[in-house]
Structures are given as C-alpha cells and as structure tokens.
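Inspection log for the structure reproduced underneath, given as structure tokens.
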Amino acid sequence: MIQYILGRAGSGKTETVISRIAALARTDTPLLLLVPEQFSFETERTLNDRLGVRDAARVQVLSFTRLADRVLRETGGIAEMVMDDVTRALLMSIAVETASAPENSGEEKPKRTGQRSADYLTALLALCTECKQCAVSPRMLALTAQTLPEGTLKRKLTDYADIFGIYDALAATAGIDPSDYLQIAAEKLPDCRLWEGAAVFVDGFKGFTATELAVLQILMRRADVTVSLCTPAESVGEYDLFAPVARSLRQLQTIAKEQHIPCGETVILQENRRAKTPALRALEANAFAARPIVFEGTAAEVTVTPCPDIHEECAAVARTVRRLLRTSDMRARDIAVIVRHLGDYRGILDAAFRRAGVPSYIDTAPDVYTAPLLSLLL
C-alpha cells in the first residue's frame, strides 16, 4: 500500500510523518524512515527528542545509500570493495585511452584536447553516474546511436557507449562502483525480509532516480509506504514551481497502478505552520510565484540590502550574523546562509566570516582531482 502527504514548504509534512511514527513506535510494527543523506543525523536527533531514546531506537532512519548497505549485509555482497573517487577517475582515464585506440575502434580517432584533463573526466563520470541512476546501460546508448542519422550526436553517443562499456568492464575487476551500489541492492531486495510488513515513511525528497523508484516499488509491494512530497496538489501546471515534484508523484502513481498496489487517501496540508508571522508566510507563498500578491502589512522580518558587488554582499552578511550572535540568544548553528551558486562565493564568503570573527562551516565536498596521486598520473 502507498499513501501520499502533500503540501508546500512549512505545511507540516515532516511533523505529520513523525506523529505517525510516534503512534506506531509502541507497537510491534517495524519502522523505516527514508530521508536524504544530509538529513539523516538531524532526523535521528528529532526522533530522539520527540520519542525518547527507547522508542526512537525502534525506528531505522536510513538514506538510500545506507538502505543499500543494509540490504547487502543481509543478502551478501558487502565484502566487495567500493571504489573511491580517485580509483573511478583513473579507470575512466584508462577507458578513454582504450576506446580511442585504433585497434579497439577500428579507425584512428583524433586525440581530443584535454581528454585526460580533470574537467573532462569529471564530466564523463558525472554523465556515467547519471546514466546509471536513470538505468541507461552502454548497450542502450549504442542501440540508440544506431537509430540516429549520421552526425555529431550519433558519433557522441557511440563514443560514450564505448567508453562506458570499457569503464564497466574495468570496474568489474576493481570493486563496486558507488553509482551501482543501489542498483545491486534493488536486485537483491526481493530476497531481503528486513521490512516485511513494515511501516515505511519517505520524507524530504524532491524527486527519485530510476534505481530509487525500483527500490520503492519493491517496498510498496511488501510494506505500507507513506511518501511526503513538497507540492500543494496532485495536479499542477507543466511550468509550475512544483512541476518537478509533481512529476515524481505521477511516477509513483503510475508504478502503483501498474503493480496493482492499493493507494490510501492523499493528505493535502494547506496551512503554513513554519512561518511565525504574516510577512514570512507571504514571502514563502509569493517569492517565486508567477503572479505574486503584494503584501501590504509590516514586514520587519524581511530585509533587502542592495550591494554593489559580491564582496560587499558577503561583508554585509558577515556583519549581520555577528550582530545576531551578539545581541540575541542565537548560536552560530542556528543561522544558515544560502546562496544560488556556491562556487561564486568560495574564497569570498568564508574570508568575510573570518574577518568578522564569525565561526562558519561551508557544506562542500573536496575536489578529488587535487589529490597528489591523481594529479601526478593525469
């Protein structure tokens, strides 16, 4: 069975999920809460605060990656080595060289400038990962290329099919590619009885990849699944702000219909429970609306500060955070600074915080291509 909880940001979707979990925590029903990787720790802390340590311990809070790990521990396969980013980059470099060799391609292919560069390999690995997430195999790329007329697109698809096929062959002898981890778990999940008859809650996702949908499909057949999604209704316009989430909802509905999985009554939450004032509620409702409604009341909670450049913008933010830390009971962990493109602010925003004496943490991953070994080999 599957049921949906829908609503805009701050409407109480997560609160509804936690309330349902709290009601089931004292029963014998196995409980599983699936959340994005970056939300797992915060979710576990929230459950501890709300349910207490004893009842919270009955709830398995997992991301899809940790779920895959749990499935492989149960069914076998966890002992295989998972490749790190450096290994993946080196194997992709070898795959590019091998696919370009005339003895493999049947013809002399021109060497592309920078085909061993970090940027080129990064793009290839990202494309390879995206294909795996969408369940697109090298064979599918090759068959699609055969249906296309002669031209750049056909040559590109053929090249990618060759490169990714060689990469998969090399990876098969080196360990498990992390992008294959969930697909392997999805294939073994039917043999896993961990969540038979469980209550499964899925919260915090904006969408699902093909492999994640495959996992959810299996869980729907053997457990009661509740999915919360950030969309105000089941049907929205094609170009609506919530159109991508609504597409994910339709994908789940299609799977449930094809698999003859019963659907419970959809819960639609209307009220904004997070914003404490009318001004903030108006901001949430209209900030990205196609036809915003002008808020006529006092909006002291919202400040617009014009800045001549990005350096002054970061300095203004740092000063504001410092003032909040000194004049209120807020702590640094209570304040978040959100930017559109983090790369544009790297080296500027953190420097502004240092000058203002404000402790900060920037949520970004290190660049694997700066590793000494990989830099030397490439």
>> Loop only by DSSP, 16 or fewer other Cβ within 10 Å of the Cβ. Give me the trypsin sites (Lys or Arg not before Pro) in the stretch 134-219 that pass, ordered by residue number.
In response: ARG193, LYS206
> Say each of SER19 and ARG355 gets a label point 7 Å from the Cα, pointing the same way as Cα to Cβ; how far apart are those two points in nm?
Replying inline: 4.8
> What is the Cα coordinate range of the stretch 278-357 on the first, second and third principal axes, sorted by size from largest, in whole angstrom?
Replying inline: 39, 31, 22
> Expressed in nm to one decimal, what extension gain is obtained for the pair ASN48 and VAL294 from 0.36 nm per residue of sequence separation less their Cα-Cα distance?
Replying inline: 84.5 nm
> Is it possible to state the helix-based mean residue ellipticity at 222 nm for the chain, with each DSSP H run of 4+ residues giving -39500 (n - 2.57), the sum divided by total residues, to the nearest 500 deg cm²/dmol? What is it?
Replying inline: -15500 deg cm²/dmol
> How big is the Cα convex hull of the stretch 31-99 in projection, averaged over all directions, in nm²?
Replying inline: 6.7
> How would HIS311, HIS260 line up by accessible area, probe 1.4 Å, largest first?
Replying inline: HIS260, HIS311
> What fraction of the Cα pairs in the chain, stated in percent, has a spacing above 29 angstrom?
Replying inline: 58
> Which residue, ALA199, ALA352, ALA169, has the most motion in a Gaussian network model of the chain that connects Cα atoms within less than 10 Å?
Replying inline: ALA352
> Summing +1 for each Lys or Arg and -1 for each Asp or Glu, what net charge is found among the other residues whose Cβ lies under 10 Å from the Cβ of LEU51?
Replying inline: +2
>> Can you compute the charge dipole magnitude of the chain about its Cα centre, using +1 on each Lys and Arg Cβ and -1 on each Asp and Glu Cβ, nothing else charged? Give it in debye, rounded to the nearest 20.
In response: 960
>> If Rh is defined by the Kirkwood formula over all Cα pairs and Rg also comes from Cα, what ratio Rg/Rh do you get for the stretch 200-248?
In response: 1.00
> Tell me, in nm to one decimal, what length is gained between LYS276 and LEU324 on full extension, where the rule is 0.36 nm per residue of separation less the Cα-Cα distance?
Replying inline: 15.4 nm
> Hey, with R₀ at 51 Å, roughly what FRET efficiency would ARG331 and LYS257 work out to, going by the Cβ-Cβ distance, to 0.05?
Replying inline: 0.60
> Projected onto the charge dipole of the stretch 196-337 (+1 at Lys/Arg Cβ, -1 at Asp/Glu Cβ, origin at the Cα centre), which of ALA332, ALA210, HIS260 gives the Cα projection farthest towards the positive end?
Replying inline: ALA332
> What FRET efficiency would be calculated for the residue pair SER235, GLU187, taking the C-beta separation as r and a Förster radius of 41 Å, to the nearest 0.05?
Replying inline: 0.75
> With each label point set 7 Å from Cα along the Cα-Cβ vector, what nm distance links ARG346 and ARG66?
Replying inline: 2.7
> So how far apart, in nm, are the two label points at ALA174 and CYS134 if each is 7 Å from Cα heading toward Cβ?
Replying inline: 2.4
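The values are calculated or read from the model by the stated rules, or taken from the named source; none is laboratory data. Since this is a predicted model, take the numbers as computed values, not measurements. Positions of Cβ are backbone-derived with ideal geometry, glycine not excepted, and every protein chain shown enters the neighbour counts. We work out accessible area using only protein heavy atoms, side chains counted, and drop any ligands, DNA or RNA first. Shrake-Rupley method; radii C 1.70, N 1.55, O 1.52, S 1.80 Å.
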